[in-house]
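J.: Supplied in structure tokens, the structure appears directly below.
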Amino acid sequence: MPKMRELTPVDANFALIGPNQNTLRQPITVSAATLFKCLADGPAWKEWLGIDVEWTTPEPHGVGTTRTITTAGQTIEENFLTWDEGERFAFRFDRCSLPLQAFAEHYECVSRGDADCELEWSYAFEWGGPLTPVFGRAFGAGFALQGKRALKKLAHLLEADPQRFA
């Protein structure tokens, strides 16, 4: 298992205003409530983002909920800072095996009608490893590219079976 490192604690706004901030948007033809239910479903993340999610606190989930993510040999421990059921949540990385100083994400399910919404996925990070400017930019570019692909998979997953998370 890779060495875990403590990250700088940040608040929920970090994902919206922190360094290396980015927001990805994806229209999806399902209700915002259905989208949120998919995002709250741990196993679904494997299908659209390729990560394994283990909730480490019991339901109901909310502020203070924790989960552990594993992907591509990396482990990330997350702590939820915001949880507005059916609308939005935000979390930060508390510990991870990546050379980061801080990282947070914010997901907002914006209703555009009864069966139409848009996911706004915001994130920000501060790189903490060697050659910060070079590797930080490369990490940001790779994360954005992977994120755009993942959002298209998420839209396809939900639109192919709209009742799955209804």
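J.: Going by what's in this entry, would Ala90 be described as at positive phi and either surrounded by 13 or more Cβ atoms within 10 Å (Cβ to Cβ) or out of contact with any helix residue (DSSP H, G or I) (no Cβ under 9 Å at 6 or more places or on another chain) (or both)?
T.: No.
J.: A further question on this structure: Can you find even one residue in the stretch 85-102 that is touching a His at 6+ places or on another chain (Cβ under 9 Å) and aromatic (Phe, Trp, Tyr)?
T.: yes
J.: Then there is this: For the stretch 94-121, how many residues meet the condition of being part of a strand (DSSP E or B) and within 25 Å of Lys152 (Cα to Cα)?
T.: Adding up the residues that qualify gives 17.
J.: In the stretch 18-36, how many are part of a helix (DSSP H, G or I) and buried (at least 19 other Cβ atoms within 10 Å of the Cβ)?
T.: Looking only at that region, the number is 4.
J.: List every residue pair whose Cβ atoms lie under 6 Å apart, where the two residues are 6 or more positions apart in sequence or sit on different chains, the first residue falls within the stretch 140-166 and is under 17 Å from Cys109 (Cβ atoms), and the second residue, located anywhere, is in a loop (DSSP other than H, G, I, E, B).
T.: Matching pairs, first to second residue: Ala150/Leu49; Leu158/Val30; Glu159/Thr29; Pro162/Val30.
J.: Residue by residue through the stretch 8-40, note down the ones that are out of contact with any Gly (no Cβ under 8 Å at 6 or more places or on another chain), farther than 19 Å from Asp116 by Cα and touching a residue at least 24 places away in the same chain (Cβ under 8 Å).
T.: Thr8, Pro9, Asp11, Ala12, Phe14, Ala15, Leu16, Ile17, Gly18, Pro19, Gln21, Thr23, listed by residue number.
J.: Could you check the stretch 41-52 and list, in sequence order, the residues that are surrounded by 14 or more Cβ atoms within 10 Å (Cβ to Cβ), without any contact (Cβ under 8 Å) to a residue 60 or more places away in the chain and under 19 Å from His156 (Cβ atoms)?
T.: Scanning the stretch 41-52 gives Trp45, Ile51.
J.: Being charged (D, E, K, R), buried (at least 18 other Cβ atoms within 10 Å of the Cβ) and modelled with pLDDT of 95 or more narrows it down to one residue among Glu85, Glu159, Glu118, Glu105; which is it?
T.: Selected residue: Glu105, the only one of Glu85, Glu159, Glu118, Glu105 that is charged (D, E, K, R), buried (at least 18 other Cβ atoms within 10 Å of the Cβ) and modelled with pLDDT of 95 or more.
J.: Among (1) in a strand (DSSP E or B); (2) without any contact (Cβ under 8 Å) to a residue 24 or more places away in the chain, which single condition is Ala124 missing?
T.: The one condition Ala124 does not meet is (2).
J.: Go through (1) in contact with a strand residue (DSSP E or B) (Cβ under 8 Å, 6 or more places away or on another chain); (2) within 19 Å of His156 (Cβ to Cβ) one by one and return the number of the condition Thr66 breaks.
T.: Checking Thr66 against (1) in contact with a strand residue (DSSP E or B) (Cβ under 8 Å, 6 or more places away or on another chain); (2) within 19 Å of His156 (Cβ to Cβ), the one that fails is (2).
J.: Which condition breaks for Arg149 when tested against (1) basic (Lys, Arg); (2) part of a strand (DSSP E or B); (3) farther than 20 Å from Pro2 by Cα?
T.: Failed condition: (2).
J.: Now for a separate question. What number of residues within the stretch 53-77 are at negative phi, of a type in the set (A, V, I, L, M) and surrounded by fewer than 17 Cβ atoms within 10 Å (Cβ to Cβ)?
T.: So the count comes out to 1.
J.: Further, regarding this structure: I want to confirm something. Restricting to the stretch 62-93 and keeping residues that are aliphatic (A, V, I, L, M) and outside any strand (DSSP E or B), which single residue is nearest to Asn13 (Cα to Cα)?
T.: Going through the qualifying residues, I end up with Val63.
J.: Shifting gears a bit: So Phe80 passes all but one of these: (1) closer than 20 Å to Leu151 by Cα; (2) without any contact (Cβ under 8 Å) to a residue 40 or more places away in the chain; (3) buried (at least 18 other Cβ atoms within 10 Å of the Cβ). Which condition number does it fail?
T.: Looking at each condition in turn, Phe80 falls short on (1).
The values are calculated or read from the model by the stated rules, or taken from the named source; none is laboratory data. Because the structure is a prediction, the values reported are computed rather than measured. Every residue, glycine as well, gets a Cβ built from its backbone with ideal geometry; the counts of neighbours run over all protein chains shown.
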